[in-house]
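Enquirer: Please see the structure below; I have some questions.
The values are calculated or read from the model by the stated rules, or taken from the named source; none is laboratory data. What you are looking at is a predicted structure, and each value in this text was computed from that prediction instead of being measured. With ideal geometry, Cβ positions are generated from the backbone for all residues, glycine too; neighbour counts draw on all protein chains shown. SASA here: full protein model, heavy atoms, side chains in, ligands and nucleic acids out. Shrake-Rupley method; radii C 1.70, N 1.55, O 1.52, S 1.80 Å.
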Amino acid sequence: MREALFIKKNKERWEKISRQPADNPDEMAFEFTQLVDDLGYAKTFYPHSKVTRFLNTEASRRYLSIYRNRKEEKNRLVRFFKYDVPLAVAKHHLVLLVCFILFALFACVGFFSSMKDEQFVRDMLGDAYVNITRHNIEKGNPFGIYQGGNSFFMWMGIMINNISVSFSYFLKGIIPFFWVLYEMITEAIRLGAFEYMFYAKGYGELFVLTVFIHGTLELSALIISAAAGVILGRSWLFPGTMKRLDALKQGAKDGAKIIVGVMPVFMVAAFFEGFVTRHYRMPAWISILILSSSLTFIVGYFVVYPIKLKGRMKKEIAALYGK
């Protein structure tokens, strides 16, 4: 059968399944079986076609619906963080990678620009902030800015601010996502300029051991939030084989899952900033332990686990198809 005839014959059914997936378990299983049959046919005769990729995506989505409704998974919150968030992340790993590379690149730009032009730091951080920080450095308390105020209120204030910024990144992605990238890049440049202030005074190593106590989680969540905004904006700009509205809905769902998924990360990061970072003169091994644990979690939950979960799903789909 020619590919065009294959698509014409099944297009209406595929679109119905995509727009209005069944809620009944029996109907859901029937839809999944049909999609797997279509996918097997497409892989055999049109292995590199867009329709094959489309069917693979739809079959995976149906399988996830069955997978997450297993009787043993009764806790919806656990299911959400165990399956929904990682699988949404796995679909968009390339977007996360691009955002991370851009952030790292422009943090370096901010650092080396500050090295070449002293005024650049003030332009990026403001005179008041720079003056306070330099005053603390001269007093021998370089990170005193983290020691002001009540720890609890500092935690709550930072947490609320970071979460609001996260949602802002996500929502701005629709107008379109280039604005989100601009804001993320600006934050990266500011980080680089901030780091240079301490590096220039011989506190480069202490900067890493202090700021990244909370910064490892906070900056990672910030990058992931920007990626969620890009996912939202990209969905309607580049819908692929889907209708633009359907692509937008799917992008919004994936982005929203990712945003909600980073909320606990922001909460813990704010807790570290409010309660732990102020004690930056603690033994270095404690800072390194917090840093390494935070980095291990970020890489494990947002990179390694999604890849493994997606691979496990594919194997189970293949096993079911083989039966």
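Enquirer: Taking the Cα centre of the chain as origin, sum charge times position over the Cβ atoms of Lys and Arg (+1) and Asp and Glu (-1), and report the length of that vector in debye to the nearest 20. Before the final figure, lay out each step's value.
Expert: Numbers: 41 positive and 27 negative charges, 265 e Å.
About 1280 debye.
Enquirer: Over the chain, give the accessible area per residue in Å² for a 1.4 Å probe, as an integer. Write out the running numbers ahead of the final one.
Expert: Working: 17310 Å² over 323 residues.
In whole numbers, the chain has 54 Å² accessible per residue.
Enquirer: Could you work out the helix-only [θ] at 222 nm for the chain, with each DSSP H run of four or more residues adding -39,500 (n - 2.57) and the total divided by the number of residues, to the nearest 500 deg cm²/dmol? Could the numbers behind the result be given before it?
Expert: Numbers: 14 runs with 251 residues, N = 323.
My calculation for the chain gives -26500 deg cm²/dmol from helical runs alone.
Enquirer: Between 0 and 90 degrees, rounded to the nearest ten: what's the tilt of helix 25-45 against the longest Cα principal axis of the chain?
Expert: It works out to around 90 degrees.
Enquirer: I would also like to ask the following. Counting only protein heavy atoms and using a 1.4 Å probe, what share of the accessible area of the chain belongs to carbon plus sulfur, as a whole percent?
Expert: Details: 11070 of 17310 Å².
Percent of accessible area from carbon and sulfur atoms in the chain: 64.
Enquirer: Then there is this: Could you give the length gained by full extension between Leu102 and Arg244, i.e. 0.36 nm per residue of separation minus their alpha carbon distance, to one decimal place?
Expert: 48.4 nm
Enquirer: Output the relative contact order of segment 152-258, whole-number percent, from Cα pairs under 8 angstrom with separation of 6+ residues. Spell out each step's value before the answer.
Expert: Numbers: 93 pairs, mean separation 35.9, N = 107.
In percent, rounded to a whole number, it is 34.
Enquirer: Could you give log10 I(q)/I(0) at q = 0.13 Å⁻¹ for segment 199-323, computed by the Debye formula over C-alpha point scatterers of equal weight, without solvent?
Expert: Summing over Cα pairs of segment 199-323 leads to -0.71.
Enquirer: While we're on this one: I want the local charge near Lys9. Using Cβ-Cβ distances under 12 Å, sum +1 for each Lys or Arg and -1 for each Asp or Glu among the other residues. Don't skip to the answer; put the middle values down first.
Expert: Details: positive: Arg2, Lys8, Lys11, Arg13; negative: Glu3, Glu12, Asp38.
In short, +1.
Enquirer: Only four residue types carry charge here, +1 at the Cβ of Lys and Arg and -1 at the Cβ of Asp and Glu. Report the dipole size of segment 46-183 about the Cα centre in Debye, rounded to the nearest 20. Mind showing how you got there, number by number?
Expert: On the way: 17 positive and 10 negative charges, 223 e Å.
In debye, rounded to 20, segment 46-183 gives about 1080.
Enquirer: In the structure shown, do any of Lys43/Lys91; Lys11/Lys172; Lys16/Lys314; Lys257/Lys314; Lys9/Lys249 have a Cα-Cα gap over 31 Å, and if so which? All intermediate terms of the calculation are to be shown ahead of the outcome.
Expert: Values: Lys43/Lys91 20 Å; Lys11/Lys172 33 Å; Lys16/Lys314 23 Å; Lys257/Lys314 21 Å; Lys9/Lys249 25 Å.
Cα-Cα > 31 Å for Lys11/Lys172; rest within.
Enquirer: If Asp254, Asp123 are ordered by their accessible area, calculated over protein heavy atoms with a 1.4 Å probe, which sequence runs from highest to lowest? Walk me through the numbers before you get to the answer.
Expert: On the way: Asp254 5, Asp123 100 Å².
If we order Asp254, Asp123 from most to least accessible, we get Asp123, Asp254.
Enquirer: Ignoring ligands and nucleic acids, what accessible area does Cys108 show with a 1.4 Å probe (Å², nearest 10)?
Expert: Its accessible surface works out to 70 Å², give or take rounding.
Enquirer: Same structure again: I want to verify a result. In a Gaussian network model of the chain, Cα cutoff 10 Å, which of these has the top mean-square fluctuation: Leu309, Leu77, Leu291?
Expert: Leu77
Enquirer: With a ≥ b ≥ c taken as the square roots of the eigenvalues of the C-alpha gyration tensor of the chain, please select rounded if a/c is under 1.5 and otherwise prolate if a/b is larger than b/c or oblate if it is not? Each step should come with its number before you reach the end.
Expert: Values: a/c = 2.88, a/b = 2.18, b/c = 1.32.
Prolate, because a/c is 1.5 or more and a/b exceeds b/c.
Enquirer: Out of Phe198, Phe143, Phe238, any idea which swings most in a Gaussian network model of the chain, alpha carbons joined below 10 Å?
Expert: Comparing Phe198, Phe143, Phe238 in a Gaussian network model of the chain, the most mobile one is Phe238.
Enquirer: Classify segment 261-310 as rounded, prolate or oblate, taking a ≥ b ≥ c as the square roots of the eigenvalues of its Cα gyration tensor: rounded when a/c is under 1.5, otherwise prolate if a/b is larger than b/c and oblate if not.
Expert: On the way: a/c = 6.34, a/b = 1.82, b/c = 3.49.
It is oblate, given that a/c is not under 1.5 and a/b is not larger than b/c.
Enquirer: Also, quick follow-up: Let me make sure I get this right: for segment 132-198, a, b and c are the square roots of the gyration tensor eigenvalues over alpha carbons, sorted descending. Under 1.5 in a/c it's rounded, otherwise prolate if a/b > b/c, else oblate. Which is it?
Expert: On the way: a/c = 5.64, a/b = 1.60, b/c = 3.51.
In terms of gyration-tensor shape, oblate.
Enquirer: On to the next question. ³J(HN,Hα) across segment 199-209 via Karplus (A = 6.51, B = -1.76, C = 1.60, θ = phi - 60°), whole Hz, x for Gly/Pro?
Expert: Those phi angles translate into 4, 5, 9, x, 10, x, 5, 5, 4, 4, 5 Hz.
Enquirer: Between the alpha-carbon centers of segment 37-55 and segment 214-234, tell me the distance in whole angstrom.
Expert: What the calculation gives is 33 Å, centre to centre.
Enquirer: Also: Suppose a student asked you for the relative contact order of the chain, using Cα pairs under 8 Å spaced at least 6 residues apart; what percent would you report?
Expert: Working: 333 pairs, mean separation 77.4, N = 323.
That works out to 24 percent.
Enquirer: Run the 1.4 Å probe and let me know the accessible area of Lys201, rounded to the nearest 10 Å².
Expert: Taking all protein chains as shown, Lys201 has close to 130 Å².
Enquirer: Something else about it: I want to check the label-to-label distance for Val299 and Met115. Put each point 7 Å from Cα in the C-beta direction and report it in nm to one decimal.
Expert: My value for the distance between the label points is 2.5 nm.
Enquirer: Would you list Arg79, Arg122, Arg19 from the most to the least accessible area, probe 1.4 Å? All intermediate terms of the calculation are to be shown ahead of the outcome.
Expert: Numbers: Arg79 35, Arg122 55, Arg19 115 Å².
Result of the area sort, largest leading: Arg19, Arg122, Arg79.
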